[in-house]
1. Can you find a residue in region 163-177 that is in a loop (DSSP other than H, G, I, E, B), farther than 26 Å from SER51 by Cβ and in contact (Cβ under 8 Å) with a residue 40 or more places away in the chain?
2. Would you confirm whether or not region 11-23 contains a residue that is at pLDDT below 95, surrounded by fewer than 14 Cβ atoms within 10 Å (Cβ to Cβ) and at positive phi?
3. In region 178-194, how many are of a type outside the set (Phe, Trp, Tyr) and in a strand (DSSP E or B)?
4. Among the listed residues VAL152, VAL187, VAL193, which satisfies the condition of being among the β-branched types (Val, Ile, Thr), over 24 Å from LEU76 (Cα atoms), free of Cβ contacts under 8 Å to residues at least 24 places away in the same chain and surrounded by fewer than 17 Cβ atoms within 10 Å (Cβ to Cβ)?
5. Of everything in region 32-55, what is in a loop (DSSP other than H, G, I, E, B), within 24 Å of TYR127 (Cα to Cα) and touching a Ser or Thr at 6+ places or on another chain (Cβ under 6 Å)? Give them in sequence order.
6. Would you be able to tell me the number of residues in region 107-120 that are more than 17 Å from LYS86 (Cα to Cα) and either in contact with a His (Cβ under 8 Å, 6 or more places away or on another chain) or in a loop (DSSP other than H, G, I, E, B) (or both)?
7. Would region 156-163 turn up any residue that is within 26 Å of LYS29 (Cα to Cα) and within 16 Å of the chain's Cα centre (by Cα)?
8. Do we have any residue at all in region 85-96 that's in contact with a helix residue (DSSP H, G or I) (Cβ under 7 Å, 6 or more places away or on another chain), modelled with pLDDT of 95 or more, part of a loop (DSSP other than H, G, I, E, B) and closer than 20 Å to ILE147 by Cα?
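The values are calculated or read from the model by the stated rules, or taken from the named source; none is laboratory data. Just so it is clear, the structure is predicted and the values come from calculations on it, not from any experiment. All Cβ positions, even for glycine, are placed from backbone atoms using ideal geometry, and neighbour counts span all protein chains on display.
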Amino acid sequence: MFSARRKPSPSNNRVKSWPRGRSLGFPLKIHADEFDNLGGAALAAELGAASADHLVVTSDADIEALGKSDTVAVSLPCTPFGLAEKHYTPAKKLLAADAILALATDCNPGTSWNESMQFAIALACRYMGLTPAQAIAAATINAAHAIRRSDVIGSLEAGKQADLLILSVNSYRQIGYRYGTNLVRQVIKKGQVYSVDVGYYRTA
């Protein structure tokens, strides 16, 4: 569901889009508050959406509604960066309201042609005021919540799928600090190890 300027109102979207998507088994995800605040985040919370995405100009009232819900607030900091916008998701307000904050790239050829989650984490630390630990949690377990798969992915726990990255860093704090280099040395997906060649070293 799309709720932003020059698009149908949230009330119209609710009537026309949500029942059909629900009947097909899709969880509701709302694109909200990227340019104008139209109440899309509060609507997402009211409808029990899996997530509300973008949330650049979200009001205090909408932030409060998200904080009282299980709807994940997904920040996409690469998009305002790509558009040379000055404002980013009010992450600290969302966390203070007990909202679940996630991070993603919004990778698309129109506004955010960026495939790097490292860069998304770097932007979140610099422009949204997150600590490295908060940004990593937002990019992993909370992102899994946003697609309703936190029971199997998003963290290293017994019984979950063994998905993880081996990074060429001495500390997790470097993930957002070294934003211009691919730090991934190995990818482990469902326990299967895949080596990565990033040009300046090779792994077996």
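1. As a first pass, look at region 163-177 and keep what is in a loop (DSSP other than H, G, I, E, B): 163, 168-173.
Among the residues that remain, those that are also farther than 26 Å from SER51 by Cβ are: 168-171, 173.
Now drop any that are not in contact (Cβ under 8 Å) with a residue 40 or more places away in the chain, which leaves 173.
The answer is yes; a qualifying residue exists.
2. For region 11-23, residues at pLDDT below 95, surrounded by fewer than 14 Cβ atoms within 10 Å (Cβ to Cβ) and at positive phi: absent.
3. Here is the first cut: in region 178-194, the residues of a type outside the set (Phe, Trp, Tyr) are 178, 180-193.
Imposing the further condition that a residue be in a strand (DSSP E or B) reduces the set to 184-189, 192-193.
Matching residues across region 178-194 total 8.
4. Values: VAL152 fails: over 24 Å from LEU76 (Cα atoms); VAL187 fails: over 24 Å from LEU76 (Cα atoms).
Going through VAL152, VAL187, VAL193 in turn, just one is among the β-branched types (Val, Ile, Thr), over 24 Å from LEU76 (Cα atoms), free of Cβ contacts under 8 Å to residues at least 24 places away in the same chain and surrounded by fewer than 17 Cβ atoms within 10 Å (Cβ to Cβ): VAL193.
5. Let us first name the residues in region 32-55 that are in a loop (DSSP other than H, G, I, E, B), namely 33-39, 48-50, 55.
Okay, now just the ones that are also within 24 Å of TYR127 (Cα to Cα), so 33-39, 55.
Listed by number, the residues that qualify are ASP33, ASN37, LEU38, LEU55.
6. Here the count works out to 7.
7. Within region 156-163, not a single residue is within 26 Å of LYS29 (Cα to Cα) and within 16 Å of the chain's Cα centre (by Cα).
8. no
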